[in-house]
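Below: one structure, written as structure tokens.
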Amino acid sequence: MDYKIYYYDSCSTCRKTKALLAEHGISPEVHNYFDQNLSIEDLKDLLSKLKMKAVDFIRRKDDLFKELNLDSASEEELLDAMSKHPKLIQRPVLVKGNKAVLCRPSEKAMEIINV
């Protein structure tokens, strides 16, 4: 089964995860969502695979989260914010089929590699 990683080049955890995958002979499809934003539907699909809600997936400690006053935002408002501002999306995410894992720390990728 093929792997896909949602990735950002400037993120050290993304780079560590990609290196870990390479160590295991895995060359995933790379989706840099800073270059190609995720739609709300893409985010919903990803969250379903992660078994997470938007509130658990958004980077709450990011200054932009505070600037946009998202503390009491609804699920749809959070999805809209992440779609418009990819900086707010937790990363990296590794997907294999209908399963996904947020690789923070990068070793969490092993949960999906060993499946």
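The values are calculated or read from the model by the stated rules, or taken from the named source; none is laboratory data. No experiment lies behind these values; they were computed from the predicted model shown. Methodologically, a virtual Cβ is constructed for each residue, glycine included, from the backbone with ideal geometry; neighbour enumeration extends over all protein chains shown.
Yes or no: the range 80-100 includes at least one residue that is under 21 Å from ASN32 (Cβ atoms), surrounded by 15 or more Cβ atoms within 10 Å (Cβ to Cβ), touching a residue at least 60 places away in the same chain (Cβ under 8 Å) and of a type in the set (D, E, K, R). Looking for residues that are under 21 Å from ASN32 (Cβ atoms), surrounded by 15 or more Cβ atoms within 10 Å (Cβ to Cβ), touching a residue at least 60 places away in the same chain (Cβ under 8 Å) and of a type in the set (D, E, K, R), one finds at least one in the range 80-100, hence yes.
Under the condition of being outside any helix (DSSP H, G or I) and of a type in the set (A, V, I, L, M), which residue from the range 66-89 is farthest from SER10 (Cα to Cα)? If we take residues in the range 66-89 being outside any helix (DSSP H, G or I) and of a type in the set (A, V, I, L, M), then ALA73 is farthest from SER10 (Cα to Cα).
In this structure, is LEU68 touching a Phe, Trp or Tyr at 6+ places or on another chain (Cβ under 8 Å), surrounded by 15 or more Cβ atoms within 10 Å (Cβ to Cβ) and of a type outside the set (Val, Ile, Thr)? No, not satisfied. Just one of the listed residues (THR17, THR13) is touching a Pro at 6+ places or on another chain (Cβ under 6 Å), on the phi < 0 side of the Ramachandran plot, surrounded by 14 or more Cβ atoms within 10 Å (Cβ to Cβ) and assigned to a helix (DSSP H, G or I), and it is THR17. For the range 35-65, filtering for residues that are touching a residue at least 12 places away in the same chain (Cβ under 8 Å), more than 15 Å from CYS103 (Cβ to Cβ) and assigned to a loop (DSSP other than H, G, I, E, B) leaves 5. Residue count for the range 13-52, restricted to those that are β-branched (Val, Ile, Thr), out of contact with any Phe, Trp or Tyr (no Cβ under 6 Å at 6 or more places or on another chain) and farther than 17 Å from LEU79 by Cβ: 2. Across the range 32-43, the number of residues qualifying as surrounded by 16 or more Cβ atoms within 10 Å (Cβ to Cβ) and at pLDDT 95 or above comes to 3. Scanning the range 1-10 for residues that are under 17 Å from GLN90 (Cβ atoms) and surrounded by 15 or more Cβ atoms within 10 Å (Cβ to Cβ) gives LYS4, ILE5, TYR6, TYR7, TYR8.
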